[in-house]
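> Here it is, the structure in full.
The values are calculated or read from the model by the stated rules, or taken from the named source; none is laboratory data. Treat the numbers as computed from the prediction; the structure is a model and nothing was measured. Positions of Cβ are generated from backbone atoms using ideal geometry, with glycine treated the same way; all protein chains shown enter the neighbour counts. What goes into the accessible areas is simple: the full protein's heavy atoms, side chains included, and nothing from ligands, DNA or RNA. Shrake-Rupley method; radii C 1.70, N 1.55, O 1.52, S 1.80 Å.
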Amino acid sequence: MSYRKSKLEITYYMDSVLRLHGEYLEGVPKWVLSLQNDDGGFGRYGSDIINTHFAVEILEAHGVGFSRKDVLEFADSCWGDGGWNFTPLSYPPYLETVYAGFRLNEILRGRKYDVEDFILKLRNPDGGFRRSLYMGISEPEYTYRAVYMLFSGR
């Protein structure tokens with residue numbers, strides 16, 4: 001099956017589109033669970049916050065059980081300097097890693113973290129948002145994630 005060769009992000013999008021049309025790939029949840037690592041996170045070559053986010057989105061959509069506690073411990077270990085980092089040992093946080101951590105906590109804890117200070121530092125003069133604290137151009141995907149976190153639950 002082609003999803004076994006793809007990243008969790010691609011699998012998430014493919015699975016989401018198919019589910020919208022009433023189609024289900026039966027092997028997807030089992031394959032996703034096979035990518036969970038001993039630290040509670042997900043990823044083929046080691047855990048990271050983005051792959052963990054996509055794995056949780058897939059498993060939740062399929063109603064498949066997994067250790068929420070282990071996933072949250074991994075996500076919490078990625079927190080630092082006002083946002084979630086790609087891994088516990090990486091720095092700095094980027095918009096996409098903060099979004100992944102935000103969504104994990106929204107899904108698994110039912111809680112939205114206040115990351116407004118971090119997000120507002122990413123705003124460009126054109127009104128859009130970049131991915132990095134240090135520099136970057138506004139992109140629709142970054143602006144979507146920033147606006148989602150700023151206004152989610154309001």
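> Just by accessible area at a 1.4 angstrom probe, what is the order of GLU96, GLU73, GLU116 from largest to smallest?
I get GLU73, GLU116, GLU96, largest accessible area first.
> In deg cm²/dmol, rounded to 500, what helix-only [θ] at 222 nm does the chain give when every DSSP H run of at least 4 residues adds -39500 (n - 2.57) and the total is split over its residues?
-14500 deg cm²/dmol
> Could you tell me how far the Cα centroid of region 83-128 sits from the Cα centroid of region 1-78, in Å?
Each part's Cα centre sits 19 Å from the other's.
> Give the ranking of MET149, MET135, MET14 by solvent-accessible surface, highest area first, calculated with a 1.4 Å probe.
MET135, MET14, MET149
> If you put +1 on each Lys and Arg Cβ and -1 on each Asp and Glu Cβ, how big is the dipole of region 3-151 around its Cα centre, in Debye rounded to 20?
In total the dipole reaches around 160 debye.
> Let me ask something additional. Would you mind telling me the share, in percent, of accessible area of region 3-151 contributed by carbon and sulfur at probe 1.4 angstrom?
53 percent
> Let me ask something else. What nm distance separates the two modelled labels at ARG68 and ILE107, each placed 7 Å from Cα along Cα→Cβ?
If labels sit at ARG68 and ILE107, their model points lie 1.3 nm apart.
> Could you go through region 53-68 in sequence order and give the Karplus-derived ³J(HN,Hα) for each residue, using 6.51 cos²θ - 1.76 cosθ + 1.60 with θ = phi - 60°, rounded to whole Hz, and x for Gly and Pro?
4, 5, 4, 5, 4, 5, 4, 5, 4, 8, x, 9, x, 7, 7, 4
> Also, quick follow-up: Before anything else, pin down the relative contact order of the chain: Cα pairs under 8 Å, at least 6 apart, normalised by residue count, whole percent.
15 percent
> Once fully extended, how much extra length lies between ILE10 and GLU23, figured as 0.36 nm per residue of separation less the alpha-carbon to alpha-carbon distance?
Full extension from ILE10 to GLU23 adds 3.0 nm.
> Filter the chymotrypsin sites (Phe, Trp or Tyr not before Pro) in region 50-144 to those in DSSP coil with at most 12 other Cβ atoms within 10 Å of their Cβ, and list the result.
Taking region 50-144 and a limit of 12 other Cβ atoms within 10 Å, the loop chymotrypsin sites (Phe, Trp or Tyr not before Pro) found are TYR134.
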